[in-house]
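To start, the structure itself, in structure tokens.
The values are calculated or read from the model by the stated rules, or taken from the named source; none is laboratory data. What you see is a predicted model, and the numbers here were worked out from it, not measured in a lab. Here the Cβ positions follow ideal geometry from the backbone for every residue, glycine too, while neighbour counts run over all protein chains shown. Side chains are part of the model used for accessible areas, which takes the heavy atoms of the whole protein and leaves out ligands, DNA and RNA. Shrake-Rupley method; radii C 1.70, N 1.55, O 1.52, S 1.80 Å.
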Amino acid sequence: VGFQKILTLTYVDKLIDDVHKEFRDKYRNEFQQKGTLGLLNGTFDFKDDFLRLLREAEESSKVRAPTVMKTFEQSVKSQKTVKCMIETRGEKPKEKVKTKKNKGSKKEGNEAATASNKAAPGEKQSSAAGDREELTKDEILQKNREEFFKRHMKAGEKASKSLKPDAQKEKGKKPRVWDLGNSNAKVLDYSNSATNGNSEACPVEEFDPDMALGDRNREPGRLYDLEYESEEEAEEKVLQNTSKPSTKKGGLGGMFGMLKGLVGSKSLTREDMDPVLEKMKDHLIGKNVAAEIAVQLCESVAKKLEGKVMGTFTTVTSTVKQALQEALVQILQPQRRVDVLRDVMDAQRHRRPYVVTFCGVNGVGKSTNLAKISFWLIENGFSVLIAACDTFRAGAVEQLRTHTRRLNALHPPESHGGRTMVQLYEKGYGKDAAGIAMEAISYARNQGFDVVLVDTAGRMQDNAPLMTALAKLIAVNAPDLVLFVGEALVGNEAVDQLVKFNKALADHSMAQTPRLIDGIVLTKFDTIDDKVGAAISMTYITSKPIVFVGTGQTYCDLRSLNAKAVVAALMKA
């Protein structure tokens, strides 16, 4: 058994089975009476039985002789002559046809038919061979092709006749219709629908409010400041970071290295500041500040400090950092501050809706942050009408409809004296966005809505036709606030986007004083850690404030910009 791969014994399996049965039957009673102890203490005389079974197994294997391979003389190949193995071009196709016909005759099982079929091809073959001797090779090839096509045409006609009833059945096949979709474009046209302004069109949706709100301990309606870390921790880290480079630059270490960096009551020169400014510029670029703006910032700090007399115990590095921090805070706090709640109440006094238009490139989060701002306005007691003016992107209207349902679930009419706090104004896809916005504003004025939030399609700053359409929407409807939505992930692209958006709005506007971007919504701020340079780039290039900062996925993840927290993150080593 152990060497069965070396010595092949065909009877081994049978021998083991026979031994097992013989031993079990012979000592069955002894096992049942004595149990386990009988196996350990008993003696079993089984040698003679085993040898008898072995001889029987060997003899049974000898009876079945192994199959012997055929010799060459017994094979069919040996009966063929050399002459019949020689192939000619003219005879090869006829041999195939002959074999096919012979196979067909065997299936029919008619001996008389097979004989006639065999005789007929033989006669045809001899006559065809005589004709081919007189024809050229090209003529033979042409004739073979014609015969081939004739045979296949006949076979195709037979197949088409037999499949004709089935083809008629399959003629009425219909396309698949999905449960949540529809192939009919008319279903997506809301031009003549009566859903606008109807609270029943947006049924209340049941879902977990904790997922939509996030922090349940927050104060409703309050827009919290952006938090990076506590001011004391930020100041300690900034001071540590400012002292580290000065001690390392000296190269002598300890107190002597620190004293070497002191200025000692002398005026600063450009040569003193250049090494520090170069490192500051690289640091700002590493934090996602646009390269051009980082150079301009360092240049403005150098001009401000050049010729300034420093105190005795002040280093060049700490002086330059302090000046740069002050410049960054000044950039993030523009002169004109946008107070949305104050402006909405002012519009209420004039009995008109306050209109906000959102614009930006594709995929920055315009619709999501529009829903967050809607939630914030509702919690402050203002009713909101969302205008679905993104008539291009597939699913844009459905996305806003879902947000409307969820906002109504969080703030049902029962909690506001029976008043529906948020509604969606939609006209479907493929329509003029400026016309939909105008109708929405008129509808909000008639129905007494406090705020209209206009969602527009995302567009690249280089797309002239789409930028012209955006300029038309803003010029025709004259919104109170135009917000550019940009993501915090970009670097140099932020400058390009804002410059070209403002330029396009100015070039394509029909008014003498064109309407430009009024403020910025900075999104995806939770994804960048301390690389907050996009905030500096956007405010520096436009001199417009960052009104809202998106920091997450829930409706409560909306913050106001804290300039000191952003600068602390920016100056962190």
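Quick one: how many residues across the stretch 381-400 are under 14 Å from T368 (Cβ atoms), touching a residue at least 24 places away in the same chain (Cβ under 8 Å) and surrounded by fewer than 19 Cβ atoms within 10 Å (Cβ to Cβ)?
Residues in the stretch 381-400 being under 14 Å from T368 (Cβ atoms), touching a residue at least 24 places away in the same chain (Cβ under 8 Å) and surrounded by fewer than 19 Cβ atoms within 10 Å (Cβ to Cβ): 2 in total.
Being of a type outside the set (A, V, I, L, M), in contact with a helix residue (DSSP H, G or I) (Cβ under 7 Å, 6 or more places away or on another chain) and either modelled with pLDDT of 95 or more or open to solvent by 40 Å² or more (accessible area, probe 1.4 Å) (or both): is that true of R419 here?
Here the answer is yes, as R419 does meet what is asked.
Restricting to the stretch 318-357, name every residue that is part of a loop (DSSP other than H, G, I, E, B) and under 14 Å from G519 (Cβ atoms).
First, the residues of the stretch 318-357 that are part of a loop (DSSP other than H, G, I, E, B): 333-339, 350-353.
Selection gives Q333, P334, Q335, R336, R337, V338, D339.
Of the numbered conditions (1) at pLDDT below 90; (2) under 27 Å from the mean Cα position of the chain (by Cα); (3) in a loop (DSSP other than H, G, I, E, B), Y555 fails exactly one; give the number of that condition.
(1)
Here is a list of conditions, (1) open to solvent by less than 30 Å² (accessible area, probe 1.4 Å); (2) more than 27 Å from C298 (Cα to Cα), and V532 meets all of them except one; can you say which number that is?
(2)
Which pairs turn up if I take residues in the stretch 16-36 that are part of a helix (DSSP H, G or I) and among the aromatic types (F, W, Y) and look for partners that are at pLDDT 75 or above and open to solvent by less than 60 Å² (accessible area, probe 1.4 Å) with beta carbon separation below 8 Å, at least 6 apart in sequence or on another chain?
Close Cβ pairs satisfying both conditions: F23/F46; F23/D49.
Which of (1) assigned to a loop (DSSP other than H, G, I, E, B); (2) within 28 Å of L341 (Cβ to Cβ); (3) more than 24 Å from the chain's Cα centre (by Cα) does D530 not meet, given it meets every other one?
(2)
If I filter the stretch 539-573 down to residues being farther than 13 Å from L328 by Cα and among the small types (G, A, S), which single residue comes out as most open to solvent (accessible area, probe 1.4 Å)?
A573
Answer yes or no: is there a residue in the stretch 452-465 that is farther than 19 Å from V361 by Cα and in contact with a helix residue (DSSP H, G or I) (Cβ under 8 Å, 6 or more places away or on another chain).
Among the residues of the stretch 452-465, at least one is farther than 19 Å from V361 by Cα and in contact with a helix residue (DSSP H, G or I) (Cβ under 8 Å, 6 or more places away or on another chain), which makes the answer yes.
Scan the stretch 290-334 residue by residue and report those that are open to solvent by 60 Å² or more (accessible area, probe 1.4 Å) and in contact with a Ser or Thr (Cβ under 8 Å, 6 or more places away or on another chain).
E306, K308, V309, T312
What do you reckon, is V364 assigned by the TED database to the domain that holds D462, surrounded by 21 or more Cβ atoms within 10 Å (Cβ to Cβ) and either assigned to a helix (DSSP H, G or I) or out of contact with any helix residue (DSSP H, G or I) (no Cβ under 6 Å at 6 or more places or on another chain) (or both)?
Details: assigned by the TED database to the domain that holds D462: yes; surrounded by 21 or more Cβ atoms within 10 Å (Cβ to Cβ): yes; either assigned to a helix (DSSP H, G or I) or out of contact with any helix residue (DSSP H, G or I) (no Cβ under 6 Å at 6 or more places or on another chain) (or both): yes.
Taking the combined requirement at face value, the residue satisfies it.
Conditions: (1) open to solvent by less than 10 Å² (accessible area, probe 1.4 Å); (2) in contact with a Leu (Cβ under 7 Å, 6 or more places away or on another chain); (3) modelled with pLDDT under 95. V451 meets all but one. Number of the miss?
Going through the list (1) open to solvent by less than 10 Å² (accessible area, probe 1.4 Å); (2) in contact with a Leu (Cβ under 7 Å, 6 or more places away or on another chain); (3) modelled with pLDDT under 95, V451 breaks only (3).
Restricting to the stretch 340-380, name every residue that is under 24 Å from Q553 (Cα atoms) and without any contact (Cβ under 8 Å) to a residue 60 or more places away in the chain.
L341, I378
Of the residues that make up the stretch 510-525, is at least one within 24 Å of the chain's Cα centre (by Cα), modelled with pLDDT of 90 or more and assigned to a helix (DSSP H, G or I)?
Within the stretch 510-525, the first condition is being within 24 Å of the chain's Cα centre (by Cα), and the residues that meet it are 521-525.
Filter again for modelled with pLDDT of 90 or more, leaving 521-525.
Remaining after also requiring assigned to a helix (DSSP H, G or I): 525.
For the stretch 510-525, residues within 24 Å of the chain's Cα centre (by Cα), modelled with pLDDT of 90 or more and assigned to a helix (DSSP H, G or I): present.
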